[in-house]
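Asker: Mind looking over this structure? Questions follow.
Laboratory data are not the source of any read-out in this text; all were calculated from the coordinates shown. Owing to the predicted nature of the structure, the values given are computational and were not obtained by experimental measurement. So basically every Cβ, Gly included, is an ideal-geometry build from the backbone, and we count neighbours across all protein chains shown.
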């Protein structure tokens, strides 16, 4: 006798299995060697690195949008949008318990897309909308860098809106993860504090104009990612 599982039930069971393994990993948290001079447990480190990448992603995205509106040139903004998604992709992978931390150090572009696909999309934790937009922007970035002049129809797509949709996929995953392990580890509050009261100001002051900083802060506050 064969039993057929509906699509929604299959996704639920897969997510439940992931949640159980995630909780187990968090409960077994332990100190790990890092590049910093202070001690980190694995999950403290994962959250720290995730926070930095979320901030980087937001900085690239808002700078790309403002650059386009100031110059009306799409060449640099589309590259900025690509790196915005690149950093957000790394951010969510830092919170995936099954992703080896060593693989995220200086991760290559193709490797990142494969990791997101295999670790998150295939498990129905985020939709393929994220990887589809990331791949499209990767192609545009490569065309701009290595085969300039072949970029077609890029001005017909609002990449600020499209990357915003992809960001929402990542942020929803982070918020669901925060709920899943709240009894053992706080994630969202730590991210908010690190970005709002930790390293966030130094990074924004170093790399962004005042206008960009205002847009980054406004976006992060709207998504409850900073204090």
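Asker: Just to be sure I understand the model, the point goes 7 Å from the Cα along the line to the Cβ. What's the resulting residue 117 to residue 172 distance in nm?
Answerer: Going by the 7 Å Cα→Cβ label model, 2.2 nm.
Asker: For a test of the definition: using alpha carbon positions, the gyration tensor, and the 1.5 limit on a/c, classify the stretch 38-101 as rounded, prolate or oblate.
Answerer: Taking the square roots of the gyration eigenvalues as a ≥ b ≥ c, the stretch 38-101 is prolate.
Asker: Could you line up 121, 187 from fewest to most neighbouring Cβ atoms inside 10 Å?
Answerer: Least crowded to most crowded, the residues run 121, 187.
Asker: Of 15, 106, 141, which is the most mobile in a GNM of the chain whose springs link Cα atoms less than 10 angstrom apart?
Answerer: 106
Asker: Further question: Please give the length that would be gained between residue 227 and residue 202 if that part of the chain were fully extended, namely 0.36 nm times their separation in residues minus their C-alpha to C-alpha distance (nm, one decimal).
Answerer: Net length gain for the segment: 7.5 nm.
Asker: Over the Cα atoms of the chain, compute the convex hull volume and normalise it per residue, giving Å³.
Answerer: 154
Asker: Using only Cα atoms, find the angle between the long axis of helix 7-27 and the longest principal axis of the chain, and express it within 0 to 90 degrees, rounded to the nearest 10.
Answerer: Tilt relative to the chain: about 80 degrees.
Asker: Any idea what the relative contact order of the stretch 7-222 is, in percent, if you count C-alpha pairs under 8 Å spaced at least 6 apart?
Answerer: 26
Asker: Taking the Cα centre of each part, how many Å lie between the stretch 46-83 and the stretch 165-219?
Answerer: 14
Asker: Limiting things to C-alpha atoms, what are the Rg and the maximum Cα-Cα separation (Dmax) for the stretch 1-111, in angstroms?
Answerer: 18.8, 65
Asker: Kindly express, to the nearest 10 degrees and within the range 0 to 90, the angle between helix 129-146's C-alpha long axis and the longest C-alpha principal axis of the chain.
Answerer: Compared with the principal axis, the helix lies near 40 degrees.
Asker: Sort 183, 143 so the one with the fewest other Cβ atoms within 10 Å of its own Cβ comes first.
Answerer: Listed from fewest to most nearby Cβ atoms, that is 183, 143.
Asker: Kindly rank 51-62, 89-100, 28-39 from highest to lowest mean number of other beta carbons found within 10 Å of each residue.
Answerer: Result, highest mean Cβ count within 10 Å first: 51-62, 89-100, 28-39.
Asker: Further question: Using Cα atoms only, what is the angle between the long axis of helix 42-71 and the major principal axis of the chain, expressed in degrees (0 to 90) to the nearest 10?
Answerer: Value to nearest ten degrees: 20.
Asker: Another one. Put a dot 7 Å past each Cα toward the Cβ at residue 158 and residue 106; how far apart are the dots in nm?
Answerer: 4.0
Asker: How much FRET efficiency would the formula 1/(1 + (r/R0)^6) give for residue 218 and residue 128, where r is the Cβ-Cβ distance and R0 is 22 Å, rounded to 0.05?
Answerer: After rounding, the FRET efficiency stands at 0.15.
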